[in-house]
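Novice: Below is the structure I would like to discuss, written out as structure tokens.
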Amino acid sequence: MLPTKKTIYPIILAAIILVSFFVMGIFYINNTARVLNENMQRQLLEIADQGKRRLEDNINNNLSLLHTFTTELTQENLIEEDVTISRQLQIIKEQTKKTGFVRFTYIEPSGKGVNTDNNSIYLAEEEYFKHSIKGEEYISIDINERMGYEGNTVIVFSVPVKKHGVVEGVLAGTYLLNRLTDNLNIKFSEGLGYSYVINNEGKIIIHPNKEYVGKNLYALLKIDNEDSIIDGLKANLLNNQNCLANVKINGLNKTIAYSNISILNNWKFISTLPTGAALEELSSFKKIASYLTMLLGALFVMLVYYVIVSTYKNKEIIYNLAYVDNITNIYNLNKFKLETYTLLSKRGDKKYALICFDIDIFKLINETFGYDFGDCILKIIAETLKSEFKDNIYARIQSDHFVVLFKYEEEDEVAQAVNNFFEDFYRRKVTNDIRIDVVLSSGIYLIPNDETLPDVRTMISYAYTAANTIKGINTEFKYAFFDSNIRNKMVEEVKIEKEIKLALEKNQFRVFYQPKISLLNNNKISGAEALIRWIHPERGIISPMEFIPVAEKTQLIVMIGRFVFEEVCKTLSFWSKEYKEIYPISVNFSMVELYQSDLIDFIKYMIAKYDLNPKYLEIEITESSALGDLKYVVQVINELKGIGIKVSMDDFGTGFSSLSYLKNIPISIVKLDKSFFNEFETDNRSKNIMKSVIELSKSLNLVVVSEGVETKEHVEFLIECGCHLAQGFYFSRPIPQNEFEQLLFNNQEA
């Protein structure tokens, strides 16, 4: 039978489709291979850079740790504490036994040293001693046998021991080199890739395979590579360039990425991956493509299959985008709302509770340990939800917020389910080697079984309102039920909100001033902090603790804060005209105020309106605000400093920060929280910590202000520590403007 037009057209169409599919397949394979290879190279560079930065952070943290101990080794402190150098070193070693430090050595200016092994040793010729005795930090890479430790390779960190700017000696810490690798991506890509560290001579310092430690990379490369490749690699490494190179190692083609470790110019961080690793997933597709010409009979089946699979995948992608959380692969808020509405609408007599979970200080965890680490914790929570609430609806609705719609019969079952979740989570945390404290808070809303069903968002807000009542409590098993007390508190907050608005309209707020005293200038007043006071016509003075939290929740804090700022500007302008003198005044800004897009414009406008020199204005930002969104706060601080305004960190010592944060935040002043004085009378350790914080702050050229000064002993101690300014009831409570002016301009000595 001869082919007709009706039959030839489908054949031609099939041939065209086949050829087109074949050509497109080849193009797709080649293009995908190129893209995957480029992505692999880019990811490899990122892995090398991340590993390098982790190593640098580890080194910087070790140096910071040594600095915190130098105060305890000064001659003055040793005499005061009545301890010997050897004993003090042993105390330091005991405090750091969980770190990689295995020995501490104190070296006198003469070079004579004593260490925690109770050995005396002469170290004047050591490079780290020569540098640190001149006041420098130093990291010694090539260590002689005298500084080794039980056959392990070590590195020595050294810092100067100073008192009043004079170097009294050197503190050296011997550190196990292999501990530096704890936070590095030594192996990745399912073990196909790995990272290691070499020096400029090519000697391998750190390697996941201990057999390679001490060998020379260039010697290994010489076996399978031309001299020109090795010479180019050497040149790039010596020039501290971050590059990629394709080489052969043990007969295998490898792509290596290398990055210079800036804090140790002699060390380079290298990550390597088999060159073809990214292309292995294409092997099955290549086989299919090579047999296409022999599978004409199955062409249409394959095309139909392809269409079906593609359609299914597209639907799956759309479904996931709409309903699945991309990090934890559990439901998102959209799906949770949909499923909850469906279930509750036909619940009958069944009882349900809405349970929420979130992580305390999750932002700080992300910024300190990285977003990958934070994502790991989120995934552990999701896995725990799957295990403990598998027959219920659960979801991640945003950031670190998780919710569960839990079916129960007796109320005790809800509390037991939450406790079971906590136990399972903390067990999984240990299993996954999460070594930091991760504390969860949980809120529970028992959904009423009546017709007045709140919407899902309202029920979630009730649960989180309950959870917020227990935030900050230091326990692993903490949850709270939304009850009448919380509901009454919400009603009371609404009432306070209305009264705040009325108080703003009727000008019931007043600015009081608490003097700041210069301890280094005969206790003279050198400025003040502006504090808001609500003078209620019926209730008298209302505590800021009662209305400020409500104002922050409702954005009214912006109006209050700007009222205070303008009042301060008026006062400074009045002083300059009336008294021909002017003193700096500080104003507290909450995180809500810092997030206002017109903040800088408002401040500039007020300065121009009252014709002020901005150097007499100081903005106080609390430590918790600064660390809550560090990147943004640093940006705002830099803009304020650009205007000429000083910025201080208020309540320092109350948050979760370490002293190392001080160097990353461009503040001019640090205000020590009054909690430093809580155990002042009974605990010398508290005094030593406070003294160390003051000395470290001063070493960073920060002005130090101590709050909560209430006794003469507090004042004498602060003067001894060299604290610049003090503020507290010992000198003066917050007072109205007229009383402060009388005190300021008639008698400047408190």
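Novice: Cα centroids of the stretch 509-525 and the stretch 704-750: how far apart, whole angstrom?
Specialist: If we compute the Cα centre of each part, the gap is 5 Å.
Novice: If you don't mind, another one. Using 5 Å bins from zero, what percent of all Cα-Cα pairs in the stretch 379-503 falls into each bin?
Specialist: All Cα pairs, binned at 5 Å, distribute as 2, 9, 17, 22, 20, 13, 8, 5, 3, 1, 0, 0 percent.
Novice: A further question follows. Taking the mean number of other Cβ atoms within 10 Å as a proxy for protection, how do you rank 419-432, 457-470 from highest to lowest? Working shown, then result.
Specialist: Details: 419-432: 15.7, 457-470: 19.1.
Top to bottom by mean Cβ count within 10 Å: 457-470, 419-432.
Novice: For Asn522 and Glu94, FRET efficiency with R0 = 41 Å and r from the beta-carbon atoms, rounded to 0.05? Could you put the intermediate results ahead of the total?
Specialist: Values: r = 43 Å, r/R0 = 1.04.
So the FRET efficiency works out to roughly 0.45.
Novice: In whole percent, what relative contact order does the stretch 81-143 give with Cα contacts below 8 Å and a gap of six or more residues?
Specialist: Working: 61 pairs, mean separation 13.5, N = 63.
After rounding, I find 21 percent.
Novice: Given Lys351/Lys471; Lys335/Lys631; Lys429/Lys478; Lys337/Lys390, which pairs have Cα atoms separated by over 21 Å?
Specialist: Values: Lys351/Lys471 27 Å; Lys335/Lys631 33 Å; Lys429/Lys478 17 Å; Lys337/Lys390 18 Å.
Result: Lys351/Lys471; Lys335/Lys631 exceed 21 Å.
Novice: Let me ask something else. Which one, Leu89, Ile139, Asn152, projects farthest toward the positive side of the charge dipole computed for the stretch 74-179 from Cβ point charges (K/R +1, D/E -1)?
Specialist: So the residue furthest toward the plus end is Asn152.
Novice: Let me ask you something else. Suppose the Debye formula is applied to equal point scatterers at every Cα of the stretch 686-729; what is log10 I(q)/I(0) at q = 0.15 Å⁻¹?
Specialist: Calculated log10 I(q)/I(0) at the listed q: -0.32.
Novice: Just to confirm my numbers, what's the Cα centroid distance between the stretch 111-129 and the stretch 369-430 in Å?
Specialist: A separation of 53 Å, based on Cα centres.
Novice: OK, next. Which semi-axis lengths, in whole Å and largest first, follow from the square roots of five times the eigenvalues of the Cα gyration tensor of the stretch 74-179?
Specialist: Working: eigenvalues 87, 56, 29 Å².
Over the Cα atoms of the stretch 74-179, the ellipsoid semi-axes are 21, 17, 12 Å.
Novice: Please list, ordered by chain and number, the residues whose modelled amide H lies under 5 Å from the amide H of Val161; skip anything fewer than 5 residues away on the same chain.
Specialist: Excluding prolines and chain starts, which carry no amide H, the hits are Glu168, Gly169, Val170, Leu171.
Novice: May I pose another question? Could you sort 62-73, 321-332 so that the peptide with the highest average Cβ count within 10 Å comes first and the rest follow in order?
Specialist: 62-73, 321-332
Novice: Label-point separation (nm) for Asn242 and Tyr605, each offset 7 Å from Cα along Cα-to-Cβ?
Specialist: 4.2 nm
Read-outs throughout are calculated quantities, based only on the coordinates presented, and are distinct from any laboratory measurement. From a predicted model like this one, the values you see are computed outputs, not experimental measurements. Ideal geometry is used to build each Cβ from the backbone, glycine not excepted, and the neighbour counts take in all protein chains shown.
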